[in-house]
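Written below as structure tokens is the structure these notes are about.
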Amino acid sequence: MLQQTQVVTVIGYFERFLAAFPTVADLAAADEQQVLRLWEGLGYYRRARQLHAAAKVLVAEHGGVFPRDIQQIRALPGIGRYTAGAIASIAWDAREPILEANTIRVFSRLLGFRGDPARKDGQRLLWDFSASVLPTKQSGLFNQALMELGSEICYPRDPLCDRCPVGSLCPTKQQGLQAVIPPKRKTAYEDRHEAAVIVRRGNCVVLRRCAPHERWAGLWDFPRFPVTARRGDPLPEQLKTAAAELTGLAIAPGRHLTTIKHGVTRFRITLDCYEAKYTGGRLQRGGDVRWVEIDELESYPLSVTGRKLSRLLP
Ligand code: SF4
């Protein structure tokens with residue numbers, strides 16, 4: 001949960017998650033929809049699916065007991081070298097290194113490394129350094145201290161070098177290169193225009209489960225698609241075509257409900273949301289597109305914009 005997410009955001013989710021799944025066996029036996037519902041709003045849903053998958057492997061292959069062998073830990077779904085090192089060192093003081101955003105910055109500066117830490121040679125250098133500085137005892141404490149040093153002192157901008165406990169060892173401080181080590185990576189943002197349609201029939205609306213290759217895979221959403229000038233059709237026509245393609249239903253587009261602006265990874269999305277009436281046709285894609293009573297929407301794991309739209313429904 002804490003990958004890419006702040007502690008203060010995670011606490012409530014963590015408590016609800018553990019209340020629902022107090023043991024790894026409970027999580028392994030859970031329905032994916034319940035897991036995703038409890039994760040809803042936390043983002044990066046791949047983490048939830050992989051945690052669920054890891055719980056199943058732990059029960060099936062390890063008798064429900066977390067392995068101590070680092071290779072077995074790394075073989076679990078969703079666990080890479082950093083997470084394995086963090087678990088093994090923090091949980092039982094194994095002498096395993098870590099490398100994540102904070103330690104990448106601290107190590108790059110302590111080494112005066114001006115290359116790109118994301119490249120293969122940079123990664124090798126920093127992992128080797130991380131392993132070489134590990135003490136023989138209390139590696140977990142040491143690793144946590146390094147991450148704290150990165151998050152509390154060695155800030156990306158304007159690090160507090162005067163308060164740094166390793167300042168006397170730091171060539172970056174001595175040469176005044178804090179602004180260029182590590183080099184800044186520019187995110188190339190892309191604007192997207194999308195539309196969502198709430199297809200209604202009486203007290204029911206159409207929901208569609210996002211496919212495994214799609215954003216929000218496994219979660220449910222109102223039928224949604226990219227609006228493109230290339231199609232050449234006015235938006236109501238695009239709504240009809242997309243609804244037919246995504247659901248198999250014929251619709252009559254209605255009023256514009258709202259516009260939601262939101263970001264997902266590097267995409268800055270403007271989402272125009274419309275009401276529509278069902279006029280004919282039958283649902284396709286087996287159970288992945290369905291009519292859902294408005295009162296039942298609370299029990300479905302929805303995309304973040306899907307949840308916002310569901311709250312607009314009378
Ligand atoms: S001296 Fe400054 S740049 Fe060097 S590790 Fe400490 S806080 Fe970071």
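The values are calculated or read from the model by the stated rules, or taken from the named source; none is laboratory data. Since this is a predicted model, take the numbers as computed values, not measurements. Note: ideal-geometry Cβ built from the backbone for every residue, glycine included; neighbour counts use all protein chains shown. The protein model used for the area step is the full one, side chains on, heavy atoms only, and it has no ligands, DNA or RNA in it. Shrake-Rupley method; radii C 1.70, N 1.55, O 1.52, S 1.80 Å.
Quick notes
- Looking only at residues in segment 178-192 that are among the hydrophobic types (A, V, I, L, M, F, W, C) and modelled with pLDDT of 95 or more, the one that is surrounded by the most Cβ atoms within 10 Å (Cβ to Cβ) is Ile181.
- Residue in segment 269-292 that is aliphatic (A, V, I, L, M) and within 21 Å of Leu42 (Cβ to Cβ) present: yes
- Ala101 vs. criteria within 16 Å of the ligand (Cβ to nearest atom), surrounded by fewer than 20 Cβ atoms within 10 Å (Cβ to Cβ) and under 30 Å from Gln175 (Cα atoms): yes
- Test: Ile198 is crowded, with 16+ Cβ neighbours inside 10 Å, away from the ligand (no atom under 16 Å from the Cβ) and at pLDDT 95 or above: yes
- Pair list, Cβ under 6 Å, 6 or more apart: segment 265-277 residue of a type in the set (Lys, Arg), other residue surrounded by fewer than 13 Cβ atoms within 10 Å (Cβ to Cβ) and outside any strand (DSSP E or B): Arg266/Thr187; Arg266/Tyr189; Arg268/Tyr189
- Filter result (in a helix (DSSP H, G or I) and touching a residue at least 40 places away in the same chain (Cβ under 8 Å)) within segment 2-33: Val24, Glu32, Gln33
- Among the criteria (1) more than 10 Å from the ligand (Cβ to nearest atom); (2) in contact with a helix residue (DSSP H, G or I) (Cβ under 7 Å, 6 or more places away or on another chain); (3) open to solvent by 80 Å² or more (accessible area, probe 1.4 Å); (4) not basic (Lys, Arg), the one Phe129 does not fulfil is (3).
- Restricting Arg49, Arg68, Arg124 to those that are out of contact with any strand residue (DSSP E or B) (no Cβ under 8 Å at 6 or more places or on another chain), charged (D, E, K, R) and surrounded by 16 or more Cβ atoms within 10 Å (Cβ to Cβ) reduces the list to Arg49.
- Consider segment 148-162 and keep the residues that are within 8 Å of the ligand (Cβ to nearest atom) and free of Cβ contacts under 8 Å to residues at least 24 places away in the same chain. The one that is nearest to the chain's Cα centre (by Cα) is Tyr155.
- Qualifying residue in segment 270-279 (condition: surrounded by fewer than 12 Cβ atoms within 10 Å (Cβ to Cβ), of a type outside the set (D, E, K, R) and either over 22 Å from Gly218 (Cβ atoms) or within 27 Å of the chain's Cα centre (by Cα) (or both)): no
- Selection of strands (runs of 3 or more DSSP E) fully inside segment 205-314 by the criterion of at least 3 residues being within 23 Å of Val35 (Cα to Cα) returns 289-293.
- Residue among Gln175, Gln144, Gln138 that alone is without any contact (Cβ under 8 Å) to a residue 60 or more places away in the chain and open to solvent by 100 Å² or more (accessible area, probe 1.4 Å): Gln138
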